[in-house]
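Novice: Structure incoming, see below.
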Ligand SMILES: Cc1ncc(COP(=O)(O)O)c(C=O)c1O
């Protein structure tokens, strides 16, 4: 590897976070959500690190489940969007994928699948997010209409729209409606993502779906007070250093202008690696363990950093874009987005290196 740009995946941090979060659920099990290549961390890496811990994994689509099986991951895999094509039902049956079914067409595909090939099915309930799922009142008639489809009683799955916001009463409305359905049907349920596990204890249930907090980013809008550890450190190195004089500009479109004699370090990472182009000048960047700030536009393969206030770095010196020295949430705020997007957009050009200590 010539370029020093990489995403270091800290296995110990992942295990720590999983243990911390799953211990919050005393009567139920927690699965790691590893869709979108485990939020950019590498789904196979994460599944291997959590093997023996996470009793199953959740992905969005069948293709993601196939990649895990091909890599030798044997536990059940929950497919959160269910099948997109009829033939995926038989694949799921053969491979022990659990399909979360959210609409009638998927039930019809399952009905035409031969009974010996039918997968386990969970049912998605739209308790207020209005993105996917059956309305609460549709579930009891569906259960009797399609009773032959269910090898086991289906788990009812729902998703809270605002779980990261502890002040939003909509959470209680969704929970009331959904828990009434649970009581009416007597079925096992899955409600909580990681913000809900942390912030809404009444949402913890038989199956909990741990995503962003597992990766060490903040699950709530306010500090959740948990000792979560960042799993990804996005690293690069300085490749060039120069001084600029007052009035000089740096980068595309001259958006940054020196107000004092300044030292600029060029770092080998850009938006093609997933570093957000939206980050404005001033976004923190850690150079040699010290906070400096982005100066000028993010280029495709490089960024430029004002290092005037720290000891002058030299080519080869280490840079962290986010990770153990700089929370990804802080960079996300600067970019006007959320940690989920930054992590999951780290591109395939960036090697993931798993570190066990
Ligand atoms: C249905 C569903 N469950 C669970 C999760 C995990 O959520 P989080 O990353 O907020 O913990 C997601 C993530 O988008 C999801 O779509």
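The values are calculated or read from the model by the stated rules, or taken from the named source; none is laboratory data. Only a predicted model underlies this, so the values are computations on that prediction, with no experimental measurement involved. Please note: Cβ atoms are built from the backbone with ideal geometry, for glycine as well, and neighbour counts cover all protein chains shown.
Novice: Please find, among 267, 328, 305, the residue that is within 16 Å of the ligand (Cβ to nearest atom) and closer than 15 Å to residue 235 by Cα.
Specialist: 328 is the lone residue from the list that is within 16 Å of the ligand (Cβ to nearest atom) and closer than 15 Å to residue 235 by Cα.
Novice: Looking at 121, 78 in this structure, which one is closer than 24 Å to residue 189 by Cβ and within 15 Å of the ligand (Cβ to nearest atom)?
Specialist: 78
Novice: Going by the structure shown, is residue 136 buried (at least 16 other Cβ atoms within 10 Å of the Cβ) and at pLDDT below 95?
Specialist: No; evaluated as a whole, the condition is false for this residue.
Novice: Continuing with this model, one more query. Are any of the residues in the range 81-89 touching a strand residue (DSSP E or B) at 6+ places or on another chain (Cβ under 6 Å), under 22 Å from residue 208 (Cα atoms) and within 15 Å of the ligand (Cβ to nearest atom)?
Specialist: Looking for residues that are touching a strand residue (DSSP E or B) at 6+ places or on another chain (Cβ under 6 Å), under 22 Å from residue 208 (Cα atoms) and within 15 Å of the ligand (Cβ to nearest atom), one finds at least one in the range 81-89, hence yes.
Novice: Given the options 264, 310, name the one that is closer than 20 Å to residue 246 by Cα, in contact with a strand residue (DSSP E or B) (Cβ under 7 Å, 6 or more places away or on another chain) and surrounded by fewer than 19 Cβ atoms within 10 Å (Cβ to Cβ).
Specialist: Checking each option against the conditions leaves just 310.
Novice: Quick test of your reading of the structure: residue 182 fulfils all but one of (1) in contact with a strand residue (DSSP E or B) (Cβ under 6 Å, 6 or more places away or on another chain); (2) within 27 Å of residue 339 (Cβ to Cβ); (3) free of Cβ contacts under 8 Å to residues at least 40 places away in the same chain. Name the failing condition by number.
Specialist: Result: residue 182 passes all but (2).
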